[in-house]
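The values are calculated or read from the model by the stated rules, or taken from the named source; none is laboratory data. None of these values were measured; they are calculated from a predicted model. Note: ideal-geometry Cβ built from the backbone for every residue, glycine included; neighbour counts use all protein chains shown.
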Amino acid sequence: MVRISGTQKKLGVALSLLVGFFAIGGVLWVFPTASNQGYAPEQPIPFSHKLHAGDNKIQCLYCHSNADKSRHATIPSLNVCLNCHTVVKTDSPYIQQIQKAFAEGKPIEWIRVHELPDHAYFTHKRHVAAGVSCEVCHGEVAKMERVEQKAPLTMGWCMECHRGQTTPPEVLAKYHPNMKNPKGPVAPVNCNTCHN
Amino acid sequence: MDNQHEELGKTAPHATQLANTSSQSDVDFVPPRHWIGPEELQGSYWKDPQVQEKRSQEFYEKPVEFIDQLDRSAQGGVARRDFLTIMGASMAMASFACARRPVHKIIPYVVKPEEITPGVPNWYASTCQECAQACGVLVKNREGRPIKLEGNPDHPVNRGSLCSRGQASVLGLYDPDRLKSPVSRNRLDGTRKDVDWNAVDASIQAQLKKIAGQGGRVKVLSGEIQGESTRRLIKEFLSAFSGGEHIEFEPLALEEIPAAQSLSYGNSVVPRYRFDEAQYVLSLGSDFLGNGTSPLEATKMWSERRKLAGQNPAQAQLGKLVCFESMMTLTGANADQRYPVRPGDELKVAMAIAHDLIVKQKRSRFAQDATVLAALQSYSPEVVASELGLSGGAESIRKVASELWENQGKSIVVAGSVQTKTAVGVSLQVAANLLNSALENEGKTVDGSMNYSYQRSSFAALSRLAEEMKAGKVDALIVYRSNPVYAAPKGLLGLTDGFKRVPLVIVVSEHEDETAALADYVLPDHHFLENWGDAHPNQAIYSLQQPTLAPIHSSRAFQDSFLVWRKAGLAVSGLASKALDWHDYLQNNWKETVYQQVGASGSFDQFWNGTLRAGVVDVFAAKGISGNKMSPRAFRTASLGGVPKYSALSADSLYLALYAKTSLYDGRNANNAWLQELPDSISSVTWDNYLNLSPALAKKLDFNDDDVVEMISDDRTVQLPVHIQPGLHPQLVSVAVGYGRTAVGRVGDHTGVDVFPLVQMASGAKGAVPSLVFAGQKVNLRKTGKFYKLALTQWHTATENRPIINDITLAEYRKNPAHAAHTDPHLRLETVPSMWSKHEYKGYRWGMAIDLTSCTGCSACMIACQAENNIPVVGRDQVRVSRQMHWIKIDRYYSGSVDNPNVIFQPMLCQHCENAPCETVCPVLATVHDDEGLNVQVYNRCVGTRYCQNNCPYKVRRFNFFDHWKAYEGTANLVWNPDVTVRTRGIMEKCTFCVQRIRDAKDQAKDVGDRVKDGMLKTACQQTCPADAIVFGNLNDPESRVSKMKESPQAFRVLEVLNTLPAVSYMTKVRNQAESAHSGHGSGHAE
């Protein structure tokens, strides 16, 4: 066994700290924020929002039916898909995949695109109630073949909107009709607004 | 006085300088000195250099050496410094690993249940089955799993409150040590194997069929059954056997109450005590607030008479509570006057009071009754007082007697608890009955018509069963929710031998417990949150219990087992012969009984669905019977015949009192870590039981805290650590039962010492009903020289002798209510200039008021907070080094003499100061003020400097030294509240005023375009409080309850002189005492 002297130990610690410092610096250089912007993973079924929400103009809330009721917008359960797809395009292998999963009682495991850290308690319900349209945060989903994270979804990005810098004009008009070029917060900016 | 001032100067020089500006002339009231432990009263404790050094270090217990030890053992020899070295190298790798986000999945339902919206809780009304009290609960479900229980506000028993055991039951549901599938045991070689239900059922069915065919005897032994439906099902099932019998037994049931009621009044009931109607309560060893017949209902009613809010101070009225008791109980701690006595002395006190009233004063309807006079003759107050050494002598007894007489018809004499189950337990109850009848309380405050109908426990039946088992007269025994091998006096009954002689033993239990080790089959039972059921707590009330989640394990309702087994062709009677399953049975039984009794106008389905939603039906209210139509029952003086003549106890012997803690009770919840870590209200010890001794006895025997002592009672010996407890009689030693289990799970096994073997059987007269004796045994103590450190929390966050609490007498309060708010006459807020500009609160400003007069210290709030806010359990060793994580704690202080102190409880939580000392020292702004007055802690910013903890004068901040959440294994992880972040190692946390509940309330108010109204929003601690001592609300609304309480003369804020401006106000404890609470005991002020 190789014996390690005290000095070697200290050097080792110093060296590892140094390496760690540069490594963190390097990572931050390449990825300036913790954002996952641009993330567009392949899904188990290539569901097209362009086809459903764009071409066929199905309302967002038809499928994401809890966005105005709960913190979570929720991904629709399989029976919602089958509301239409028991008759529509039943020859598609993907629809058959859904029908099979439904018959077997096995849910589809979708890949999560928009994700906030566990300590952030964002609520869809209040934003929908305030009149913030889905596109403000999710981008033009109706034009997306595969869903992509358009907005950075970082805390700074949230704050810009709550502070009035990027607030959608229609929301601003609703809550602060007399406010021109808002200087102060237009929505709560306390830590515990989002963090419990 | 001056000395105290000087002492304060040492700890808070800033405060003293400022305070000097206050004029001495308005100092005409000296608050009592409050102390934590008896050592504080010895000489100049706080000036002792050693003490000062200990108090000045960051932790009361120095953790370094201790934790190094722990670290080495826990992490396989890696100590702190090596750990840091390794950390350095791994940092580089760790930072690369963070660059890629983990892929998370979203898995929707296949078919979403209509009533479930992910993220929105569902509430189900049910009934708690943790004890026989049958409180209504509302179960908060998220995505199909219960995460929190709250009292059902519409339930007449608990009216919205819930005790610590009820709050903790949700952790019991997710206990990873629960029995997961049926077990078949070979009793010859002790081997066991998991089997499936079909195999078990086939085998049991065949055996039961054979027994039924041979006219065999089948016995069901159960704990007390709350509901009539289960009881009926058992009866009907047993009708298939010629020798069927159902025995109910609870080891801690107060069987002497119905026994004495039967003797005195001719009906075997447990009366309902109307504490809300009683101005004066005399407790003779009854812990009605902690472990009585219905503690939550009693606390609710009793605390109604302990509210000064809204009363004109000059004419303020307060109920009075006087206690004669051995062990210091929750009730005794709340008494306005308490007298420590030995076990068994309670009877003498009762008889002496009756003697003074009836024999001396010739009062009451019994003044001419020869039988009564004869029975009381030997108990003169002088003789009793001198034997008991009561402070105040016979005068104290005469005073109680005259006060009782003044409150005729509006007083209660209540007796009996586990620690009064002596050989004269029944006589004590008879004496209490005599007093209640003599004082005309019977039929007014003591309601014999509204009895608690669940009390069916019978030790006599159990001992008869034991005899039959030993004689081989039992062919099959089914044990359900009962653990006689642990909790019944096995040595006396020979139960272990008895079990061996029963050919078929089936144990139905949630755990593979001590009794299960003697069974052929151990069948996992549903937790009550997984099962249907009902309860019938008193004659008016039927309460429903419904499943709130699908069974987690392969368990089955005990009741369903009967309905499966009957299919073997057993000739069961009634509903049991045709019910499809337990749910069907329950519905049909209700259709035949409760539905008929209520006489509801709609269909049964309407009635059933309505009751299911409400959780409870009040038969009297449904029939339009309002108020109580009690009528006094005639006292049978002949019942006094069984009361022994006065005889003195030995003045040299030591007497034992076994008692039950409000948390662990009889040990059934021993595997519940929340309850194990809940500090005892009085002693503040966690995780263990211990020998309570008075300071005088400890001095005499030269025992110190944590000495391990051997206690010898007859031929039995146990070894326990010593805890010196002020306020005990010097001839008393007391120990809690419910510890030292051996087969309950990883948390409860071998935690503490099992003292059930010290329980004895009463050696009464021939043919007398056998009963259990928990108290009054003579014991001897012997020092072993060993040492065991109890995990005691009382000193951990002590406030360096700063005056942080106040209590005054009712007389003083009436005279000058302003004195109530003075924790220290030198320290006045109005004299303190502020360095800071005030915060502006445009919308809400949240605040809390806590009424110390009605707070009983029951600690239910601590567990409610733990469940709501994901507070982890840290374990015994971490508590020993003051790392417990409770956000709210119940601080207990004493005042007065060490032999019989006054007790005061102070719930202490984050004070949400306006000028918060923690905020100014945080280098990373992890703790900041929000615009609604909350002091918020931002976990993701915190780097763990712990400066805030050091600078907090209230010691309410908790630091995560470890990833405590990792201790939650398997199913236990389901208990987390998804609305609250689970904290990791290295960050600080503290009370948030339940910010997630505030957000929910605002969300609901916004939905209807409104603001949060007063009373709409309750914090978890407030919601569960049985005494309604905690009020939370908007301080910006002058009409809110909390604003009004804040402005009352009773209100004070802790350490006001520091100018922290807390958002929490305390209502000073007012004791219903005429003379000064702290006169006579000069110990008050540091010498």
Quick one: is residue B:248 touching a Lys or Arg at 6+ places or on another chain (Cβ under 6 Å) and acidic (Asp, Glu)?
yes
When the stretch B:771-802 is examined, which residues are found to be assigned to a loop (DSSP other than H, G, I, E, B) and small (Gly, Ala, Ser)?
B:771, B:798
Of all residues making up the stretch A:69-97, the number that are over 24 Å from the mean Cα position of the chain (by Cα), within 12 Å of another protein chain (Cβ to nearest Cβ) and not polar (S, T, N, Q)
1
Take the conditions touching a Leu at 6+ places or on another chain (Cβ under 7 Å) and more than 13 Å from every other protein chain (Cβ to nearest Cβ) and apply them to residue A:186. Does it pass?
yes
Residue identified as at pLDDT below 85, in a loop (DSSP other than H, G, I, E, B), surrounded by fewer than 20 Cβ atoms within 10 Å (Cβ to Cβ) and at the interface with chain A (Cβ under 10 Å from one of its Cβ atoms) among B:81, B:100:
B:100
Scanning for something in contact with a Gly (Cβ under 7 Å, 6 or more places away or on another chain) and in the same structural domain as residue B:497 (by TED's automatic domain parsing), does the stretch B:447-469 turn up at least one residue?
yes
Go over the candidates B:1009, B:944 one by one and state the one that is free of Cβ contacts under 8 Å to residues at least 60 places away in the same chain, surrounded by fewer than 17 Cβ atoms within 10 Å (Cβ to Cβ) and away from every other protein chain (no Cβ under 14 Å).
B:944
Unmet requirement for residue B:984, which otherwise passes all of (1) within 14 Å of chain A (Cβ to nearest Cβ); (2) farther than 30 Å from residue B:951 by Cα:
(2)
In the set B:802, B:746, B:716, B:782, the lone residue that is touching a residue at least 40 places away in the same chain (Cβ under 8 Å), outside the structural domain of residue B:463 (by TED's automatic domain parsing) and closer than 30 Å to residue B:260 by Cβ is B:716
Under 7 Å between Cβ atoms, which residue pairs at least 6 apart in sequence (or on different chains) link something in the stretch B:582-595 that is more than 18 Å from residue B:541 (Cβ to Cβ) with a partner that is of a type in the set (Ser, Thr, Tyr) and part of a helix (DSSP H, G or I)?
B:585/B:229
Working only within the stretch B:1013-1029, note down all residues that are within 14 Å of chain A (Cβ to nearest Cβ) and touching a Phe, Trp or Tyr at 6+ places or on another chain (Cβ under 7 Å).
B:1019
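Conditions tested, residue by residue: (1) of a type in the set (Ser, Thr, Tyr); (2) at pLDDT 85 or above.
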residue	(1), (2)
A:12	no, no
A:36	no, no
A:69	no, yes
A:74	yes, yes
A:78	no, yes
A:84	no, yes
Among the listed residues B:1032, B:993, identify the single one that is hydrophobic (A, V, I, L, M, F, W, C) and more than 14 Å from chain A (Cβ to nearest Cβ).
B:1032
May I ask you to verify whether residue B:1000 is within 14 Å of chain A (Cβ to nearest Cβ) and either buried (at least 17 other Cβ atoms within 10 Å of the Cβ) or outside any loop (DSSP other than H, G, I, E, B) (or both)?
yes
May I ask you to say which residue of A:155, A:159 is over 18 Å from residue A:47 (Cβ atoms) and away from chain B (no Cβ under 13 Å)?
A:159
So for the stretch B:964-983 (the condition being assigned to a strand (DSSP E or B) and of a type outside the set (S, T, N, Q)), does at least one residue qualify?
no
Hey, can you tell me all the residues within the stretch B:10-36 that are closer than 29 Å to residue B:811 by Cβ and either crowded, with 18+ Cβ neighbours inside 10 Å or at pLDDT below 55 (or both)?
B:19, B:22, B:23, B:24, B:25, B:26, B:27, B:31, B:32, B:33, B:34, B:35
Residues (surrounded by 16 or more Cβ atoms within 10 Å (Cβ to Cβ) and either at pLDDT below 90 or touching a Pro at 6+ places or on another chain (Cβ under 6 Å) (or both)) located in the stretch B:709-746:
B:713, B:724, B:726, B:727, B:728, B:729
Looking at residue B:561, is it under 30 Å from residue B:212 (Cα atoms), among the polar types (S, T, N, Q) and assigned to a loop (DSSP other than H, G, I, E, B)?
no
With respect to residue A:106, determine if the residue is more than 23 Å from residue B:118 (Cα to Cα) and either of a type in the set (D, E, K, R) or in contact with a Phe, Trp or Tyr (Cβ under 7 Å, 6 or more places away or on another chain) (or both).
no
Checking residue B:440 against (1) in contact with a strand residue (DSSP E or B) (Cβ under 9 Å, 6 or more places away or on another chain); (2) assigned to a loop (DSSP other than H, G, I, E, B); (3) under 30 Å from residue B:352 (Cα atoms), the condition it does not meet
(1)
Which condition number in (1) surrounded by fewer than 24 Cβ atoms within 10 Å (Cβ to Cβ); (2) more than 19 Å from residue B:642 (Cβ to Cβ); (3) of a type in the set (Gly, Ala, Ser) is the one that residue B:417 fails?
(1)
Of the residues that make up the stretch A:59-68, is at least one surrounded by 13 or more Cβ atoms within 10 Å (Cβ to Cβ) and facing another protein chain (nearest Cβ under 7 Å)?
yes
Output for the stretch A:102-116, where each listed residue is more than 26 Å from residue B:1007 (Cβ to Cβ), more than 7 Å from chain B (Cβ to nearest Cβ) and surrounded by 15 or more Cβ atoms within 10 Å (Cβ to Cβ)
A:108, A:113
Say we look at the stretch B:947-963 and pick out the residues that are assigned to a loop (DSSP other than H, G, I, E, B) and either farther than 23 Å from residue B:862 by Cα or not basic (Lys, Arg) (or both); which of these is farthest from the other protein chains (Cβ to nearest Cβ)?
B:953
Going by what's in this entry, would residue A:142 be described as modelled with pLDDT of 90 or more and within 13 Å of chain B (Cβ to nearest Cβ)?
no
